[in-house]
Amino acid sequence: MSKRRSNTSSKASEVRIIAGQFRGRRLPVISVDGLRPTGDRVRETVFNWLQNAVPGARCLDAFAGTGALGFEAASRFAQSVTLVESNTQAADTLRQSQSQLQATQVTVVNQRFEAFAATGPEPFDLVFVDPPFQHADFAAVLITVDSLLASDGVVYLETPKSLPDADAVIPAHWHTRRDKLFGEVRARLCERQPIDRTGQ
């Protein structure tokens, strides 16, 4: 999730799962401050980038919102998907979607991302990072994400196009494999490189 949604309409909209075992199924988008689902065009591009990385992967959707990224990964045969969402109403909606899809590989955690990270979860192969743009300290978030990654883990990062020093928020030992603008949104795919601790 990212940008603010208008609260002028009480009617929930929907996002569609693009491919995989849940293809065509729809997820509700409730009216919650700060919630913006990643659009179809962006998700299609991102999962084309990730087509070989998702099957069998342990995935984390760190700021799940509607769960559009996490459920798309589950649909494409990720081994497990953890959806972390701090808003209780949004988390309850995620649980309803998980139940309706019978997505047994998906776990919903109603907790702030920083608190979840402090619980010491097992490393993840793939992490989706799309926090509310207006509140996020991207540099701090990515330091925390780095601590949760497997040694060769992959990160999908969604930021505002206008983010100051956008490249500076990426940890030095991450390699940016893909980088694309979609209007006012910047989408990047980064891979964690092993850290040389020998000093050589």
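Run down Asp152, Asp146, Asp130 and say which single residue is acidic (Asp, Glu) and surrounded by fewer than 16 Cβ atoms within 10 Å (Cβ to Cβ).
Asp152
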Can you tell me which residues in the range 24-44 are acidic (Asp, Glu) and either within 20 Å of Gln100 (Cα to Cα) or modelled with pLDDT of 80 or more (or both)? Asp40, Glu44
Condition met for Phe182 (surrounded by 14 or more Cβ atoms within 10 Å (Cβ to Cβ) and at pLDDT 95 or above): no
Among the candidates Gln111, Gln200, which residue alone is over 26 Å from Arg41 (Cβ atoms), at pLDDT 95 or above and not β-branched (Val, Ile, Thr)? Gln111
Among (1) among the polar types (S, T, N, Q); (2) more than 16 Å from Asp125 (Cα to Cα); (3) part of a loop (DSSP other than H, G, I, E, B); (4) modelled with pLDDT under 95, there is one condition Gln21 misses while meeting the rest; what is its number? (4)
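Evaluate the range 86-101: report whether one residue or more is more than 25 Å from Gly24 (Cβ to Cβ) and outside any loop (DSSP other than H, G, I, E, B).
Looking only at the range 86-101, we keep the residues that are more than 25 Å from Gly24 (Cβ to Cβ), and these are 86-89.
With the extra rule that they be outside any loop (DSSP other than H, G, I, E, B), the set shrinks to 88-89.
Yes, the range 86-101 contains at least one residue that is more than 25 Å from Gly24 (Cβ to Cβ) and outside any loop (DSSP other than H, G, I, E, B).
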Picking from Asp152, Asp146, the residue that is under 16 Å from the mean Cα position of the chain (by Cα) and either assigned to a strand (DSSP E or B) or touching a residue at least 24 places away in the same chain (Cβ under 8 Å) (or both) would be Asp146
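The values are calculated or read from the model by the stated rules, or taken from the named source; none is laboratory data. If you're wondering where the values come from, they're calculated on a predicted model, not measured in any experiment. Here the Cβ is made from the backbone with ideal geometry for all residues, glycine too, and neighbour counts use every protein chain on show.
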